[in-house]
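Notes follow the structure.
The values are calculated or read from the model by the stated rules, or taken from the named source; none is laboratory data. Keep in mind it's a predicted model, so treat the numbers as computed, not measured. Because the Cβ atoms are built from the backbone with ideal geometry, glycine has one as well, and the counts that use them run over all protein chains shown. Accessible surface areas use protein heavy atoms only, side chains included; no ligands, DNA or RNA. Shrake-Rupley method; radii C 1.70, N 1.55, O 1.52, S 1.80 Å.
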Amino acid sequence: MAKLSDPVTILKGVGQVRAKQLAQLNIVTLGDLICHFPRGYEDRTRLVPIEKLEADRPACFRAMVMNTPRTSHIRKGLDLTKVQVADSTARLNLTFFNNRFAAEQLQYGKEYIFYGAPSGDFVGYSMTNPVFEAVDAQPVTTRRVLPIYPLTAGLTNAALLRLVRQALAVCDPPAEILPEPVRQKYGILPAQRAYFAIHEPNSMEEAELAKKRMIFEEFFVFSAGLSLMRAARAEKKTEPYHNFDMRPFYAALPFTLTGAQSRAVADILQDFRRGAPMNRLVQGDVGSGKTMVAAAAAYCAAGNHKQTALMAPTEILAEQHFASLSALFAPLGISVALLTGSMTAKQKKDTRERIAAGEVQVVVGTHALLTDATRFCDLGLVITDEQHRFGVGQRSKLTAKGDDPHLLVMSATPIPRTLALILYGDLDVSVLDELPPGRELVDTFLVGESYRPRINAFIRKHVEEGHQCFVVCPAVEENQELGVKAASVWAETLQQTVFPDLRIALLHGQMKGSEKEAAMAAFARGEADVMVATTVIEVGVDVPNATLMVIEDADRFGLSQLHQLRGRVGRGKAKSYCILTTHNRNPETVQRLKALCKTTDGFRIAEEDLRLRGPGDFFGSRQSGLPAFRVADFSCDLTTMKDAQQASANWIDAFGTSDTPEAAALRERIGELFTRTEGTMN
Ligand code: ADP
Ligand code: MG
């Protein structure tokens, strides 16, 4: 027997080329292959006589080849193969386009199983491009529920299916981690059966059950992991703070805090009194003023002679925080330092020395904070901004630099309460559900392609008034199949044909981290008029001069994501606009997008998104920064997630320290889930 950790290259037919293709899908080991789940299924179990075939409704049928297939060359690049088949009920003419395989395989007088649908115009007479297999072959593409896998160039669905089948034949699937009583209670398939059934279900019902098991399992592991972390932190003790005089801080603020900000600060101060480390998430829409909540916490920590580390995901975000916090704290006698990767070695060394000596109270930085060289004198508070960009492990790496410091994580992704409980089970949550007063709302419009000249004129108008624009595209490269606008191509088009006189910049996720930052920083300095970008601009960079955002093919995005993107404009004094374009006329899609034009409340939008699209969007790794769930592609239901969380909470309480094989396997899986995450963070 092979092991789950063995490389895929031990399988027959996996050489260097195949292995490379599989690696594209993050499949390196047999375990990865077995956990590469289908994203959907096609029911090909129905077997009918030819007479009973219905137009446009695919089915299997068993038929004999009635003549030798004839191939004619129509023109360059187009060959047609025609053949007639029959069963005892009727005859059927088949046509294959450019299918040498069919021409060679189908033999006069032999029987095959076909799968296809007669075309609507010639019911009962003809069918194009059916798939077929020999009657005695092990079914791969007919007579079964066919799993549909996420694929990559050069790797067909059938090839992947054969590899998975091979892997399952030589290697046991992952061990059972769900206790028997839990499986009983929630009607969950045993592991062994589920791993086979998810790839080779006997029916659509069985496929559903297998899917449910995988979703349940993954959230069970995840919730158990969070519970264990929470329990471990709950045992920790810290000295309660004694100085809660916040008056000088409030006096120094150029404004009064909103009610929501005050409540969040009160939550935090309460945590500081308790004598146990705080674990708090502050969730607030873009612009809700999270930075000031963080500042209040840092001020209180400084008043109690503790250092604060504020970690931001990008250099320019760190620089922006550094600028606003130093301005605020300097008059209060609190010294703030910046530590980022792009500083010179000497600058970094000097700053680190001042941090270690305790000369600096607040340190703002990027991942550079995490390196071993960074040592604190007395780190009391760790704050991560835009928490969805950091893995759970990076968080703990930073907290490990202090003696069980308080932890505050800030996220601009509004998540419905039900979901927040599941995804941030290890954290207490404060919500900023109120924007500072006087904020002008971003007017949002949904338009079709006929508005193109007006959109272009609108862009020009904004630029002529001295403002800047974002144009967001769903893809980087042109994707023919989806007909989706690609950033690089669109930037080129705008520059060449529409705005030859304007400065167009490009930003996308395939650029290097430093290139992205440089492009964004240049735009923030006003060195380009229009920034054509993919969703990488999501993270909280402030360009107050940007007053217009055009989102191309907006139907490609989730509502929450659109809302997130829209938050990039409307950060300055001038009136801002967001224009959503779409070719899609599906009434549901239009309704979904119109919801975004009507409201600017991120939490309401998130609720709507959850209702319309399910939880999938919220835990795709980009948005949540949570572990890369294998089931993330499943449009899974909230109930299964909730059940799994409940079951895991009960189980941890009752059996958390037990040493059954299941408990041991579970602990191992928790470790794997949280390790796997680190690699996928950006
Ligand atoms: P985010 O939650 O997106 O991180 P920020 O902390 O960047 O939001 O705040 C957005 C803007 O609102 C900043 O310019 C900040 O100075 C301002 N701001 C924050 N709190 C208030 C308030 N209570 N009243 C007025 N303006 C505020
Ligand atoms: Mg922010």
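If you take all other residues with their beta carbon under 13 Å from the beta carbon of TRP651, and give Lys and Arg +1 and Asp and Glu -1, the sum is -2. Each listed q (0.06, 0.07, 0.09 Å⁻¹) maps to a log10 I(q)/I(0) for the chain from the Debye sum over equal C-alpha point scatterers, namely -0.43, -0.58, -0.91. Mean sequence separation of contacting Cα pairs (under 8 Å, at least six apart), scaled by the length of the stretch 232-333, corresponds to a relative contact order of 36 percent.
The P(r) of the stretch 442-622 has a tail past 23 Å containing 38 percent of all C-alpha pairs. Computed on the chain, with alpha-carbon pairs under 8 angstrom and 6+ residues apart, the relative contact order is 12 percent. Enumerate by residue number the chymotrypsin sites (Phe, Trp or Tyr not before Pro) in the stretch 199-305 meeting two conditions: DSSP loop (anything except H, G, I, E, B), and at most 13 other Cβ atoms within 10 Å of the site's Cβ. Filter output for the stretch 199-305: PHE244, PHE255.
List the residues of the stretch 557-581 whose backbone N lies under 12 Å from a point placed 7 Å from the Cα of LYS461 along the Cα-to-Cβ direction. Only 577 pass the distance filter. Once neighbouring chains are kept in place and the probe is 1.4 Å, which whole percent of the accessible area of the chain is contributed by carbon and sulfur? Within the chain, the accessible surface is 52 percent carbon and sulfur. Dividing the mean sequence gap of close Cα pairs (under 8 Å, 6+ apart) by how many residues the stretch 442-622 holds gives a relative contact order of 27 percent.
Taking the Cα centre of the chain as the origin, how large is its charge dipole in debye, to the nearest 20, when only Lys and Arg (+1) and Asp and Glu (-1) carry charge on their Cβ atoms?
Numbers: 78 positive and 78 negative charges, 118 e Å.
In total the dipole reaches around 560 debye.
By DSSP, the beta bridges lying fully in the chain are antiparallel in about 35 percent of cases.
For the stretch 247-432, taking the reciprocal of the average inverse distance between every pair of different Cα atoms yields a Kirkwood hydrodynamic radius of 16.4 Å. With bins 5 Å wide beginning at 0, the percent of Cα pairs of the stretch 233-301 falling in each bin runs 3, 16, 28, 23, 17, 9, 4, 1.
Tell me what the chain gives for mean residue ellipticity at 222 nm when only DSSP H runs of n ≥ 4 count, each as -39,500 (n - 2.57), the sum divided by the residue total, rounded to 500 deg cm²/dmol. Could the numbers behind the result be given before it?
Values: 24 runs with 268 residues, N = 682.
Value at 222 nm, helices only, nearest 500: -12000 deg cm²/dmol.
Model label points for ALA86 and SER262, set 7 angstrom from Cα along the Cα-to-Cβ axis, are 8.9 nm apart. Need the C-alpha centroid separation for the stretch 303-379 versus the stretch 79-114, integer Å. The stretch 303-379 and the stretch 79-114 have Cα centres spaced 72 Å from each other.
ASP43 contributes an accessible area of around 70 Å² to the protein surface, as traced by a 1.4 Å probe with all chains present.
Which is the longest stretch in the chain that no exposed loop site breaks, taking sites as GluC sites (Glu not before Pro) with a DSSP loop state and at most 10 other Cβ atoms within 10 Å?
Working: sites that count: GLU235, GLU465, GLU481.
Within the chain, the longest run free of exposed GluC sites (Glu not before Pro) spans 1-234.
Modelled spin-label separation between GLU180 and GLU104, with each label point placed 7 Å from Cα along the Cα-to-Cβ direction: 5.4 nm. A simple count of charges around LYS575, restricted to other residues whose Cβ falls under 11 Å of its Cβ and scoring Lys, Arg +1 and Asp, Glu -1, yields -2. Using the Cβ-Cβ distance between GLU208 and LYS20 with R0 = 30 Å, the FRET efficiency computed as 1/(1 + (r/R0)^6) comes to roughly 0.35. Computed about its Cα centre, the charge dipole of the stretch 230-308 is approximately 220 debye, with only Lys, Arg, Asp and Glu carrying charge at their Cβ. Taking all protein chains into account, the per residue accessible area for the chain stands at 45 Å² (1.4 Å probe). Please determine, in degrees from 0 to 90 and to the nearest 10, the orientation of helix 513-524 with respect to the longest principal axis defined by the Cα atoms of the chain, where the helix direction is its Cα long axis. Tilt of helix 513-524: around 60 degrees.
Working with all protein chains in place, sort SER5, SER326 by solvent-accessible area computed with a 1.4 Å probe, largest first. Before the final figure, lay out the partial values.
Numbers: SER5 80, SER326 30 Å².
So, going from the largest accessible area down, we get SER5, SER326.
Of all lysines in the structure, the ones whose alpha carbon falls short of 26 Å from that of LYS12, not counting any fewer than 8 places away in one chain, are LYS3, LYS20.
Centroid-to-centroid, using Cα positions, the stretch 495-547 and the stretch 254-293 are 32 Å apart.
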